[in-house]
Amino acid sequence: MKMSNKRTKKTDLSALAAEVGARLERIYPVAECALDYKGDEWRLFVMARLSAQCTDKRVNEVSEALFAEIPTPKHAAEISQERLEELIRSCGLFREKARSIRESAAIIVEKHGGKVPDNERDLLALPGVGRKIANLLLGDLYGKGGMVCDTHLMRICGRLGFYEEGMKDPTKCERIMNPIVPMEKRADLCHRIVFFGREYCPARGNDCTKCPLMDICAAGKRVK
């Protein structure tokens, strides 16, 4: 009986994920990463690292000057720590980020022929790369990532009813969401959830009565 209930719950959540995905696709037909990486794998790697505790807008703003000096991993491995810090200072945590970008660049050049790795093991072995960045890169570059369980996705999926609202464990979030969202749809769904969060479901001040997902959202159904 317990196994049956488990299967039923997974089926229900899969159906909810499919419906959420379909509606968001109608609202946001183009699912693009908020980081303007211009289709370049190295740019996305660096920008994803810079985005930690920094807005995508700020990362995009510093990118033109940054990639004029580090257009490839080889350039990044050879730039001085001080110069890289200067270029990314406005992104916050600039010393730590500069160090990890330079170290990762050296590894990418030496071990991966200058190409950003296309598998989870090698990505997670790079300094400063956790599951969030690895999943973003694998999904957007290679179409085989997991859900990018950042604070925004965790908040919104909790409100929608995929798990207990308020959960802040990205590993648990990924473990719940990955099995119910097909791999080829994960990256696009994550991007659309970012758009949806900004327009309809911010951390504070959201108005459920204006939400296009209200009728299928656990939090929305509680609104009278």
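Taken together, the values in this text are just the output of simple stated rules run on the coordinates, not laboratory data. The structure displayed is predicted, hence computed values, not measured ones. Neighbour counts run over all protein chains shown; Cβ positions are idealised from the backbone, glycine included.
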- Sum up the lysine pairs in segment 1-155 that clear both bars: alpha-carbon distance under 23 Å and a spacing of 8 or more or different chains. 21
- Taking segment 41-142 and dividing mean pair separation by its residue count, relative contact order in percent (alpha carbons under 8 Å, at least six apart): 31 percent
- Task: Pull out a ≥ b ≥ c, the square roots of the eigenvalues of the alpha-carbon gyration tensor of segment 107-224, then state rounded if a/c is under 1.5, prolate if not and a/b is larger than b/c, and oblate in the remaining case.
- Result: prolate
- Item | Cα lying deepest toward the dipole's positive end in the chain, options 183, 94, 108, charges on Cβ | 183
- Note on the structure: By Cβ neighbour count within 10 Å, fewest first, 97, 115 rank 115, 97
- Task: Rank these for me by crowding, 191, 112, going from fewest to most other beta carbons within 10 Å.
- Result: 112, 191
- Item | Projected-area average for segment 1-113 over all orientations - Cα convex hull basis, square nanometres | 10.4 nm²
- In whole angstrom, note down how far apart the Cα centers of segment 125-166 and segment 169-224 are. 12 Å
- Query: Can you give the helix-only mean residue ellipticity at 222 nm for the chain, where every DSSP H stretch with n ≥ 4 adds -39500 (n - 2.57) and the sum goes over all residues, rounded to the nearest 500 deg cm²/dmol?
  - Reply: -19000 deg cm²/dmol
- Query: For residue 168, which aspartates and glutamates qualify as cross-link partners when the Cα separation must be under 17 Å and same-chain residues fewer than eight apart are set aside?
  - Reply: 150
- Note on the structure: Relative contact order of the chain (C-alpha contacts under 8 Å, at least 6 apart) in percent is 19 percent
- Query: So for the chain, what percent of the C-alpha to C-alpha distances run longer than 24 Å?
  - Reply: 47 percent
- Message: Taking the number of other C-beta atoms within 10 Å as the exposure measure, put 51, 80 in order starting with the fewest.
- Response: 80, 51
- On a 0 to 90 degree scale, rounded to 10, what angle separates helix 94-112 from the longest Cα axis of the chain? 80 degrees
- What are the trypsin sites (Lys or Arg not before Pro) within segment 145-181 that DSSP puts in a loop, where the Cβ has at most 14 other Cβ atoms within 10 Å? 168
- Item | Sum of side-chain charges, residue 142 neighbourhood, beta-carbon under 15 Å (Lys, Arg +1; Asp, Glu -1) | -3
- Query: Once both axes come from the Cα atoms, what is the angle between helix 151-160 and the longest principal axis of the chain, in degrees from 0 to 90, rounded to 10?
  - Reply: 10 degrees
